[in-house]
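Below is one structure; the comments refer to it alone.
Please treat every number below as a calculation from the coordinates, not as lab data. Just so it is clear, the model here is predicted, and its values are computed rather than measured. Glycine gets a Cβ as well: all are built from the backbone with ideal geometry, and neighbour counts include every protein chain shown.
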Amino acid sequence: LQQARRTVAEALGARPGEIIFTSGGTESDNSALRGLALARRAQTGADRIITTPVEHKAVLNAAETLRDRDGFRLTLLPVDHAGLVAPADVAAALGDGADGALVSVVYANNEVGAIQPIAEIGALCRRVGAPLHTDAVQAVGKLPLDVAALPVDALSGGAHKFYGPKGVGFLYLRNGTPFWPAQVG
Ligand SMILES: *Cc1c(COP(=O)(O)O)cnc(C)c1O
């Protein structure tokens with residue numbers, strides 16, 4: 001387990017303690033949205049989740065559940081003909097950042113392959129202190145990923161999308177990021 005954790009961490013430029021193993025990409029996405037949004041709202045009162053209509057259902061349904069069950073507000077950003085989000089629209093949705101509980105944008109789209117400008121989006125989130133999650137399930141093993149250079153707070157991966165077994169995934173969670181875990185005690 002320790003070796004596997006080191007292997008995943010090294011592949012992402014992360015530290016082993018920043019890798020949380022999960023049951024797959026779906027659990028990683030669900031945990032990231034819930035854990036980050038609830039922690040951010042508890043700390044700051046921010047209650048807006050900003051994401052896109054082209055997310056995998058593991059993100060979209062988690063965001064809708066946080067809206068319907070937990071009282072968050074939800075903003076779905078527009079995408080262009082290629083499925084890309086414009087960083088300017090992220091900036092507009094964030095405004096001064098006061099109500100931004102979480103931004104979540106898929107790294108590489110699972111249906112049309114669009115690769116989002118995550119570095120630019122991350123820089124905008126950093127400017128206002130909003131946490132950024134990216135669903136990188138389709139990117140791990142195909143695109144270079146380096147969380148030392150990429151301004152994201154959380155990143156999801158799922159093993160069966162890169163020749164691993166089903167039933168295994170991971171969530172990269174940047175050290176020090178406020179997060180409410182699913183299991184406590
Ligand atoms: C497959 C996929 C998921 C879900 O991952 P599982 O490991 O199958 O639960 C989430 N997001 C994207 C982009 C995917 O392609």
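Collect the residues in the range 1-25 that are surrounded by fewer than 20 Cβ atoms within 10 Å (Cβ to Cβ) and in a loop (DSSP other than H, G, I, E, B), keeping them in residue-number order.
Leu1, Gly13, Arg15, Ser23
If only one of Arg15, Arg67, Arg6 is away from the ligand (no atom under 16 Å from the Cβ) and in contact with a Lys or Arg (Cβ under 9 Å, 6 or more places away or on another chain), which one is it? Walk me through it before giving the result.
Working: Arg15 fails: in contact with a Lys or Arg (Cβ under 9 Å, 6 or more places away or on another chain); Arg6 fails: in contact with a Lys or Arg (Cβ under 9 Å, 6 or more places away or on another chain).
Unique residue meeting the criteria: Arg67.
For residues that are in contact with a helix residue (DSSP H, G or I) (Cβ under 6 Å, 6 or more places away or on another chain) and assigned to a helix (DSSP H, G or I), scanning just the range 26-60, find the one that is surrounded by the most Cβ atoms within 10 Å (Cβ to Cβ).
So the first thing to find is which residues in the range 26-60 are in contact with a helix residue (DSSP H, G or I) (Cβ under 6 Å, 6 or more places away or on another chain), and the list is 26, 29-30, 33, 37, 46-47, 49-51, 58-59.
Now drop any that are not assigned to a helix (DSSP H, G or I), which leaves 26, 29-30, 33, 37, 58-59.
Details: Thr26: 20, Asp29: 31, Asn30: 22, Leu33: 29, Ala37: 26, Ala58: 21, Val59: 28.
So, considering only residues that are in contact with a helix residue (DSSP H, G or I) (Cβ under 6 Å, 6 or more places away or on another chain) and assigned to a helix (DSSP H, G or I), the one surrounded by the most Cβ atoms within 10 Å (Cβ to Cβ) is Asp29.
Looking at the range 95-117 only, could you name the residues that are among the aliphatic types (A, V, I, L, M) and farther than 13 Å from Thr51 by Cβ?
Once the filter is applied, which keeps residues that are among the aliphatic types (A, V, I, L, M) and farther than 13 Å from Thr51 by Cβ, the range 95-117 yields Ala98, Ala108, Val112, Ala114, Ile115.
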